Amino acid sequence: GAGVSQTPSNKVTEKGKYVELRCDPISGHTALYWYRQSLGQGPEFLIYFQGTGAADDSGLPNDRFFAVRPEGSVSTLKIQRTERGDSAVYLCASSDRDRGSYNEQFFGPGTRLTVL
Amino acid sequence: AQKITQTQPGMFVQEKEAVTLDCTYDTSDQSYGLFWYKQPSSGEMIFLIYQGSYDEQNATEGRYSLNFQKARKSANLVISASQLGDSAMYFCAMREGPNFGNEKLTFGTGTRLTIIP
């Protein structure tokens, strides 16, 4: 079946602009996660959705970052007033909490965001 | 303190040899899970293997095995009979708490493995 997909694959924007990054999870997966991976680092947790609600947003760095999942499937990560330090690869993952014994997360290919 | 420590930034291994990638972790939880992911140059994170804190046996998945030493808080990944396609970044990650409680994964900084023909 289809895996997690993310669009766009690359996004270049100017400092101060607004961007939206989209994630399509694996069909039927109720849990969705956003991570950010800076160059030379491991992924860093941003936010986790269970269904439509954000169950844990403790990783969002500040109020410029916001994410939604209105119908419990597709999610959008929104970044306002982008800064050069926001440049990173943004990874999305999903999991099926109703099956499996250890809740493995399946990752998408990521969106590479570059803020000039 | 770092929750996940991977001390090998890079490793070079001859094809067909076995390789061990080190991972130590820090948690005060009794229940936790440890994961290894592979990240090829394409960027996608590929799940390899999982070890639960209460699992008595070391996890194995094909050529991958996890050398779990709970007292030492160590969860090293062993890849047997390495192949050229194993060249990638490898990340160790931990989820603290029970499987369906705290959901977020904390990752280490990774090890870049290069297999030499």
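Springs between Cα atoms under 10 Å define the GNM used for chain A, and in it the highest mean-square fluctuation of A:Leu77, A:Leu39, A:Leu60 occurs at A:Leu39. Partner shielding of A:47-53 amounts to 1, given as the average count of beta-carbon atoms from other chains within 10 Å of each residue beta-carbon. Loop-located GluC sites (Glu not before Pro) in the range A:1-69 (DSSP state not H, G, I, E or B) with no more than 15 neighbouring Cβ atoms inside 10 Å: A:Glu14.
In loop segments of the range A:1-67 as defined by DSSP, the trypsin sites (Lys or Arg not before Pro) with at most 14 further C-beta atoms inside 10 Å of their C-beta are A:Lys15, A:Lys17, A:Arg64.
Only lysine pairs 8 or more places apart or on separate chains count here, and in chain B those with Cα atoms under 22 Å apart total 9.
Across chain B, the volume of the C-alpha convex hull divided among the residues equals 101 Å³ per residue.
For chain A, set up a GNM with springs between Cα atoms under 10 Å and report which of A:Gly51, A:Gly40, A:Gly28 has the largest fluctuation. Evaluated over chain A, the most mobile residue of the options is A:Gly40.
Ignoring the sites themselves, chain B has its longest run without GluC sites (Glu not before Pro) in a DSSP loop having at most 14 other Cβ atoms within 10 Å at B:57-117. Size descriptor for the range A:1-90, Kirkwood hydrodynamic radius: 13.6 Å (Cα pairs only, one decimal).
Taking other residues whose beta carbon is less than 11 angstrom from the beta carbon of B:Pro117, and scoring Lys, Arg as +1 and Asp, Glu as -1, yields 0. Within the range B:1-76, the chymotrypsin sites (Phe, Trp or Tyr not before Pro) that combine a DSSP coil assignment with at most 13 other C-beta atoms in a 10 angstrom radius are B:Tyr54.
Annotation: aspartates and glutamates with alpha-carbon distance below 18 angstrom to A:Lys15 (same-chain offsets under eight excluded): A:Asp63, A:Glu83, A:Asp86. Look at the alpha carbon pairs under 8 Å that are at least 6 residues apart: their mean separation over the length of chain B gives a relative contact order of 37 percent.
Every read-out reported here was derived from the displayed coordinates using simple, explicitly stated rules and does not represent laboratory data. Please read these numbers as outputs of a predicted model, since none were measured by experiment. Quick reminder, even Gly has a Cβ in these numbers, built from the backbone with ideal geometry, and neighbours come from all protein chains shown.
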